[in-house]
Amino acid sequence: TRSLVGSEMCIRDSPSIFHVMEAKLKKEVWKKKVDVAIHKLWKESIEEEAAGKSSMIYLNPTYTPNKPHHLWETTSTCPRDVRRAGIKAKMASGAYILQYNRARFNQTHDTTCPLCKEAEEDVPHFLVSCPALADVRESLLSDMMEEIPLVFEDHPTRGWNPQQIAHLILDATHPDVADLLPISEYMLTRLESKSRILCFALHRSRALTLGYRP
């Protein structure tokens, strides 16, 4: 249905067939105009839909046609790396099930973290704050932070709250991060690699502690 609606919008916004015939555009020019129109249509449609979904708050809402998200673009073909990327993708897209998610889907009324039993188990708590995962998190998060030059006064180890650090871990290009900390392509690649390791280590520790298969 969405594809049909998109096609109708594209047709409606396109010039009439008579205008095209009179313009006598070359095939290459016409193909480029069509590609631009289609990419613009889907870019606006995807970004508008993403903006209305609370589960997408940790992903940069900007969509670049014909370009994979940097999470996948920086992932190697190694099965272990792909598996790590898959876990991180679930966390970033809101598909990773924590107690907070279970409560939203009426699977439980209790949002308390089953590991520490001290706070609500949402994404920032799981990735940044849960004391039960501190031993796993500390060295990996510190290693990740070392990729950020200390010349920045707003270095994440200096006063950033758990929500901001969660944004940095899950999508360093998100406006909430980029506005405070410019990320170069090299830095982004390094952060992605280490954040995948961090996310998977936390996932594995949580699963083993709760008796699940990681």
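The values are calculated or read from the model by the stated rules, or taken from the named source; none is laboratory data. Owing to the predicted nature of the structure, the values given are computational and were not obtained by experimental measurement. Cβ sites come from the backbone with ideal geometry, for glycine too, and all protein chains shown count toward neighbours. Ligands, DNA and RNA are stripped out before the accessible areas are found, and what is left, the full protein with its side chains, is counted by its heavy atoms. Shrake-Rupley method; radii C 1.70, N 1.55, O 1.52, S 1.80 Å.
Using a probe of 1.4 angstrom, how much of the accessible area of region 99-214 is carbon and sulfur, in percent?
Of all accessible area on region 99-214, carbon and sulfur atoms account for 48 percent.
Counting only protein chains, not ligands or nucleic acids, how are Val128, Val29 ordered by accessible area (probe 1.4 Å), most first?
Ranked list, largest accessible area first: Val29, Val128.
Multiply the residue gap between Asn106 and Lys27 by 0.36 nm, knock off their C-alpha separation, and tell me the result in nm, one decimal place.
Using 0.36 nm per residue and subtracting the Cα-Cα distance, I get 23.0 nm.
Which lysines, on any chain, are close to Lys33 with Cα under 25 Å apart, when same-chain ones fewer than 8 places away are left out?
Filter leaves Lys24, Lys43, Lys67.
Translational diffusion coefficient of region 105-214 at 25 °C, 0.890 mPa s, Stokes-Einstein with Kirkwood Rh over Cα pairs, in µm²/s as a whole number.
Result for D is 165 µm²/s.
Using the alpha carbons of region 169-211, what is the convex hull volume per residue in cubic angstrom, as a whole number?
It comes to 60 Å³ per residue, whole-number rounded.
Using 7 Å Cα-to-Cβ label points, what is the Met56/Ile38 separation (nm, one decimal)?
Here the modelled spin labels are 2.1 nm apart.
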